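Read through the structure below, which is laid out as structure tokens, and then see the notes.
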Amino acid sequence: MSIETASPEIIAKAAAALSAGELVAFPTETVYGLGALATDDRAVAEIFATKARPQLNPLIVHVYDDAAVQKLAVFSDVAQKLATAFWPGPMSLVLAMRQPTLLSPLVTAGNDTVAIRVPAHPIARDLLKAVGQPIAAPSANRSGHVSPTTAAHVAEDLGSRVAHIIDGGPTTHGLESTIVDVSGPNPILLRPGSITAEMLANVLDHDIIIVNKKTNTPNAPGQLSSHYAPNAALRLDAEAATHGEALLAFGPLKAKSTAPVFNLSETGDLVEAAANLFAGLRYLDDQGTNTIAVMEIPNHGLGVAINDRLARAAAPRS
Ligand code: TXA
Ligand code: MG
């Protein structure tokens, strides 16, 4: 494994590796992705093996621009509006797949829909442009574990199994893309993210259906209940850490804590908290605690996406 700082040479080398069917971890503005050529069955199978990911859980396909999306999927009016407003950016759309398709059936887990994203991160864009093919890329972590927001996180989780990791520094948003299913008549928010439900509603005439967290209905095959999980257990909505716990704080602390503390944002800024969330969970895990007490995060705007990740990280593990 090698972590290499992004440069035109490294991107050209990574593009050649992808084209040859190898895996490459790369930064996006949300989290780091583990990429493979989406048309190559063997390369896509390698993603599932490397992450120990259940094969029923479909992957997001990353492409350079709208023209590349059109080759793979069919845009509805709603899809077109969202694409115009938020691409390139931290949003994935679930679209009806165009047939026949060049995509490996493993990418979509046999569904007739495909999740597509046009990322904004310059390294991701340069890589997509150089490859000229769709890249399937889940978050570059062990399946079920905390998503990576730095190249070092990728190396911690998958280092021995991934030959190429492109380092582009810490990611800006820190949470995975907002996923909206626009394959049917009404848009369905499958995964909250930096593009909030309010932002989506502002550009649409339609109401957004928000998926039920408990039952994961109507349709989110990969939204398993335990996910984004550190090794330690989580105790949500805590006021402070009790004996033996570590504290994931938000906002100013009333008393000095003797427990290990990671403050997501001392000023109570949700954007900063989202960007720090996964690094904070990893940091507190490394302190060797059994339980991470998590202070309450306001459940509005970006707080909805942060609380979604925390609820899954706290869910019972199988
Ligand atoms: O920000 C992100 O989206 C990152 C970066 C690398 O792009 N990727 C990411 O991928 O978070 P992953 O595999 O960790 O999460 C993809 C989610 C899964 O919950 C999966 O079930 C869902 O997208 N998904 C993929 N295809 C789908 C489809 N056709 N219908 C419904 N959900 C789908
Ligand atoms: Mg993931």
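The values are calculated or read from the model by the stated rules, or taken from the named source; none is laboratory data. Keep in mind that this is a model prediction, so the values were computed, not measured. In this analysis, Cβ positions are derived from the backbone assuming ideal geometry, glycine residues included, and neighbour counts consider all displayed protein chains. Areas reflect the complete protein model, heavy atoms only, side chains present, ligands, DNA and RNA absent. Shrake-Rupley method; radii C 1.70, N 1.55, O 1.52, S 1.80 Å.
For the chain, modelled as a GNM whose springs connect Cα atoms under 10 angstrom apart, the maximal fluctuation among ILE179, ILE195, ILE165 occurs at ILE195. When the chain is treated as a Gaussian network with alpha carbon springs shorter than 10 Å, the biggest mean-square fluctuation among MET97, MET199, MET295 belongs to MET199. Think of each Lys and Arg Cβ as +1 and each Asp and Glu Cβ as -1; about the Cα centre, that makes the dipole of the stretch 233-314 roughly 100 debye.
Which order do ARG317, ARG235 take when ranked by solvent-accessible area (1.4 Å probe, heavy atoms of all protein chains), largest first?
Values: ARG317 105, ARG235 85 Å².
Reading off the accessible areas and sorting them downward yields ARG317, ARG235.
Assigning unit charges at the beta carbon (Lys, Arg +1; Asp, Glu -1) and nothing else, what dipole magnitude in debye, to the nearest 20, does the chain show about its Cα centre?
Numbers: 22 positive and 30 negative charges, 115 e Å.
In debye, rounded to 20, the chain gives about 560.
Rounded to the nearest Å, what's the spacing between the alpha carbon centres of the stretch 94-113 and the stretch 251-318? Just the number, please. One Cα centre to the other: 36 Å. Beyond 31 Å in Cα-Cα separation lie the following of the pairs LYS51/LYS254; LYS51/LYS256; LYS13/LYS71: LYS51/LYS254; LYS51/LYS256.
Over the chain, accessible surface divided per residue gives 42 Å², non-protein components excluded, 1.4 Å probe. Amide hydrogen proximity for HIS227: with H placed 1.01 Å from N in the peptide plane, the residues at 5 or more positions away or on another chain lying under 5 Å are ALA313, ALA315.
Entry note, the chain: the mean residue ellipticity at 222 nm calculated from DSSP H runs of n ≥ 4, each adding -39500 (n - 2.57), is -9000 deg cm²/dmol after division by the residues and rounding to the nearest 500. Think of the stretch 22-153 as a dipole: +1 on every Lys or Arg Cβ, -1 on every Asp or Glu Cβ, centred on the Cα centre; then among ILE135, ALA79, THR50, THR50 lies furthest on the positive end.
May I ask you to give the percent of accessible area on the stretch 3-210 that is carbon plus sulfur, with a probe radius of 1.4 Å?
Values: 4370 of 7850 Å².
About 56 percent, which is the carbon plus sulfur part of the accessible surface.
How do the peptides 276-284, 100-108 rank, highest first, by the average count of neighbouring beta carbon atoms within 10 Å per residue? Don't skip to the end; give the middle numbers.
Details: 276-284: 24.0, 100-108: 17.6.
Highest-to-lowest ranking by the protection proxy: 276-284, 100-108.
Scan the chain and note any complete DSSP helix (H) whose C-alpha atoms cover at least 18 Å along its axis and whose Kyte-Doolittle average is 1.6 or more.
On the way: long enough: 270-286 (24 Å, 0.54).
TM-like helix candidates: nothing returned.
So, counting K/R as plus one and D/E as minus one, what does the shell of residues with Cβ under 12 Å around ALA163 add up to? Net charge around ALA163: -1.
Accessible area of the stretch 233-314 with a 1.4 Å probe: how many percent of it is carbon plus sulfur? The C+S portion of the solvent-accessible surface of the stretch 233-314 is 51 percent. Eigenvalues of the alpha-carbon gyration tensor of the chain, scaled by 5 and square-rooted, set the equivalent ellipsoid semi-axes at 31, 23, 17 angstrom, largest first.
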